[in-house]
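Take a look at the structure set out below.
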Amino acid sequence: MTKIRPLRLRVALLAAAVLMLSPVAHAQDRGTLAPKPLPPLANPDNPDTPAKSLFGRRTTAAPLEARVIGFYSKGCLAGAKALPINGKTWQVMRLSRNRNWGHPQLVDLLERLSAKGAKLGWPGLLVGDISQPRGGPMLTGHASHQVGLDADIWLTPMPNRELSRREREEMSATMVVAANRKDVDPAVWTPAHGAIIKAAAQEPVVERIFVNAAIKKALCREAGNDRRWLHKVRAYYGHDYHFHIRIKCPAGNSDCKPQAAVPPGDQCGADLDHWFTDAILHPKPSPVPPKPRPPLKMADLPPACRQVLLAP
């Protein structure tokens, strides 16, 4: 039996608890065919107003020079660029969320990756959430995706036709993890799944890719001799019907706070064992539920985010 490092296990269980307390807006949640604007806030200048309530009401990008401000999970985005909802080798999903905005470098990467994937047997990307028009905390879902450097890619290949608006709002992404959560589902997983994730990891601008541990296990098994890209692919909770791309802080963008570098090694074998223990796969409920984290307020974000929020 694999011995679990107590600290690693405690950190993993804490992360699971935080995820369970977060409101979610995943690919499996339906959008709407008739999105309605949010009502105006009674007192938007109140310092206790959650930042997500402010950024969630901005429907266009800040007309400023493209700039990442802050960290992936505590920041905002100036001069965002929208990924067009249709491309030759990509389509944007859940249009009602208006989350197809990112830093221009990320948008360029997605367009480039989609074309590369089409040559590897992955006909096109179905793109989930990137960021809001001005980044910042979201009303539902992700703790990250705040600075335009994160993107979710469905593990469903794009069909050879344009999806209808209803399909984009209501269809579900493909679950590729087996029911026992210990490996991928062989009836669903294909070499093309591995190829598109590998292609993303090989992009120099990519910092990390988050996938379910069962997917990481399959990638480790199928990688062959070229394993130089595997260290970027990180096992994490969920991420069983999409993979999450995170790119580096853009060069010269001093307001962007980078994440610590990925540790060396391919993170296969023993490094994955703890993800398949009962403590992780079947956690016991805590006798004392953890308290929800208070929502971020404007004072919690970098000061420059106020300029982004208030820009016309």
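The values are calculated or read from the model by the stated rules, or taken from the named source; none is laboratory data. A quick note: this is a predicted structure, and the numbers were derived from the prediction, not measured. Cβ placement follows ideal geometry from the backbone for every residue including glycine, while neighbour counts extend to all protein chains displayed. We work out accessible area using only protein heavy atoms, side chains counted, and drop any ligands, DNA or RNA first. Shrake-Rupley method; radii C 1.70, N 1.55, O 1.52, S 1.80 Å.
I need the Debye-formula profile for the stretch 213-312: one equal scatterer per C-alpha, no solvent, reported as log10 I(q)/I(0) at q = 0.11, 0.15 1/Å, two decimals.
Log10 I(q)/I(0), no solvent term: -0.60, -0.93.
Near K216, within a Cβ-to-Cβ distance under 14 Å, what is the net charge of the other residues, with Lys and Arg +1 and Asp and Glu -1?
Spelling it out: positives minus negatives among the neighbours equals +3.
Given all pairs of different Cα atoms, what value in angstroms does the Kirkwood hydrodynamic radius of the stretch 116-196 take?
With all distinct Cα pairs of the stretch 116-196 included, I get 14.7 Å.
In whole angstrom, how far apart do the alpha carbon centroids of the stretch 237-312 and the stretch 207-222 sit?
Their Cα centres are 17 Å away from one another.
Extension gain Q202-N225, at 0.36 nm per residue separation less the Cα-Cα distance, in nm?
6.8 nm
Which longest uninterrupted range of the chain lacks any GluC sites (Glu not before Pro) assigned by DSSP to a loop state (not H, G, I, E or B) and surrounded by at most 15 other Cβ atoms within 10 Å?
The longest uninterrupted stretch comes out as 163-312.
Just how far, in whole angstrom, is the stretch 31-51 from the stretch 158-204 if you go by their alpha carbon centroids?
Between the Cα centres of the stretch 158-204 and the stretch 31-51 lies a distance of 33 Å.
I'd like the trypsin sites (Lys or Arg not before Pro) in the stretch 66-105 restricted to DSSP loop residues with at most 13 other Cβ atoms within 10 Å, sorted by number.
Counting only loop positions with at most 13 other Cβ atoms within 10 Å, the trypsin sites (Lys or Arg not before Pro) in the stretch 66-105 are K88.
Once amide H atoms are placed 1.01 Å from N in the peptide plane, what residues at a sequence separation of 5 or more from A61, or on another chain, have their amide H within under 5 Å of its amide H?
Amide H neighbours of A61, under 5 Å, 5+ apart: none.
Please compute the Kirkwood hydrodynamic radius over the stretch 191-230, one decimal place, Å, based on all pairs of different Cα atoms.
Kirkwood hydrodynamic radius for the stretch 191-230: 10.4 Å.
If the cut-off is a Cα-Cα distance under 18 Å, which aspartates and glutamates reach K217, setting aside same-chain residues fewer than 8 apart in sequence?
Those aspartates and glutamates meeting the cut-off are D183, D185, D226, D240, D266, D271, D273, D278.
May I ask you to rank S131, S172 by accessible area, largest first, using a 1.4 Å probe over the protein chains only?
Order by accessible area, largest first: S172, S131.
Viscosity 0.890 mPa s, temperature 25 °C: Stokes-Einstein D of the chain from its Kirkwood Cα radius, in µm² per second?
121 µm²/s
Rounded, prolate or oblate: which one fits the stretch 253-312, using the alpha carbon gyration tensor with axes a ≥ b ≥ c (rounded when a/c is under 1.5, else prolate when a/b beats b/c, else oblate)?
Taking the square roots of the gyration eigenvalues as a ≥ b ≥ c, the stretch 253-312 is oblate.
Can you give the accessible area per residue of the chain, in Å², using a 1.4 Å probe?
Accessible surface, normalised per residue, equals 50 Å².
Rounded to a whole number, what % of the accessible area of the stretch 155-312 do carbon and sulfur atoms account for, probe 1.4 Å?
Whole-percent figure for carbon plus sulfur exposure: 57.
Positive end of the charge dipole of the chain (Lys, Arg +1 and Asp, Glu -1 on Cβ, about the Cα centre): tell me which of T60, G70, A311 has its Cα farthest that way.
Result: G70, furthest along the dipole toward the positive end.
What are the principal axis extents of the Cα atoms in the stretch 71-133, in Å, biggest first?
That works out to 36, 23, 18 Å along the principal axes.
Once you've got the Cα coordinates, tell me which of K81/K232; K116/K182; K116/K198; K257/K291 are over 19 Å apart.
K81/K232; K116/K182; K257/K291, as the Cα separations exceed 19 Å there.
Tell me the trypsin sites (Lys or Arg not before Pro) within the stretch 192-263 that lie in a loop according to DSSP and have at most 11 other beta-carbon atoms within 10 Å.
Passing both the DSSP loop test and the Cβ count: R228.
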